[in-house]
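S.K.: First the structure, which I've put down as structure tokens, then a few questions once you've had a look.
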Amino acid sequence: MPRPRKNVRKRNVALRIETYERLERYLVELIRERGSPRLTFDDAINALLDEHEKGDENG
């Protein structure tokens, strides 16, 4: 595993095109749901992670 860098704020992630397209569809759905056109892919991923963590808490 690479050594962590202290001052890094962003990282690039490689996705398969199918995964990217699924994430893009989810982002569009999230934009409609929240009524905010300024959401990013980072927002979409965080929403998915929050949903996953909330599901883990419920058993």
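S.K.: Taking Asp42 as the residue in question, decide whether it is at pLDDT 95 or above, out of contact with any strand residue (DSSP E or B) (no Cβ under 7 Å at 6 or more places or on another chain) and among the acidic types (Asp, Glu).
M.R.: Considered against the rule, which asks whether it is at pLDDT 95 or above, out of contact with any strand residue (DSSP E or B) (no Cβ under 7 Å at 6 or more places or on another chain) and among the acidic types (Asp, Glu), Asp42 comes out as yes.
S.K.: On to the next question. For the range 22-39, give me each residue that is of a type in the set (Ser, Thr, Tyr) and modelled with pLDDT of 95 or more.
M.R.: Passing the criteria: only Tyr26.
S.K.: Of the residues in the range 16-53, how many are without any contact (Cβ under 8 Å) to a residue 12 or more places away in the chain, surrounded by 10 or more Cβ atoms within 10 Å (Cβ to Cβ) and of a type in the set (A, V, I, L, M, F, W, C)?
M.R.: Going through the range 16-53 one residue at a time, the tally reaches 3.
S.K.: Then there's this: For Arg9, work out the one condition from (1) surrounded by 10 or more Cβ atoms within 10 Å (Cβ to Cβ); (2) at pLDDT below 95; (3) not small (Gly, Ala, Ser) it doesn't fulfil.
M.R.: (1)
The values are calculated or read from the model by the stated rules, or taken from the named source; none is laboratory data. This one's a predicted model, so the numbers in the text were calculated from it and none came from an experiment. As a convention, Cβ positions derive from the backbone with ideal geometry for all residues, glycine included, and neighbour counts pool all protein chains shown.
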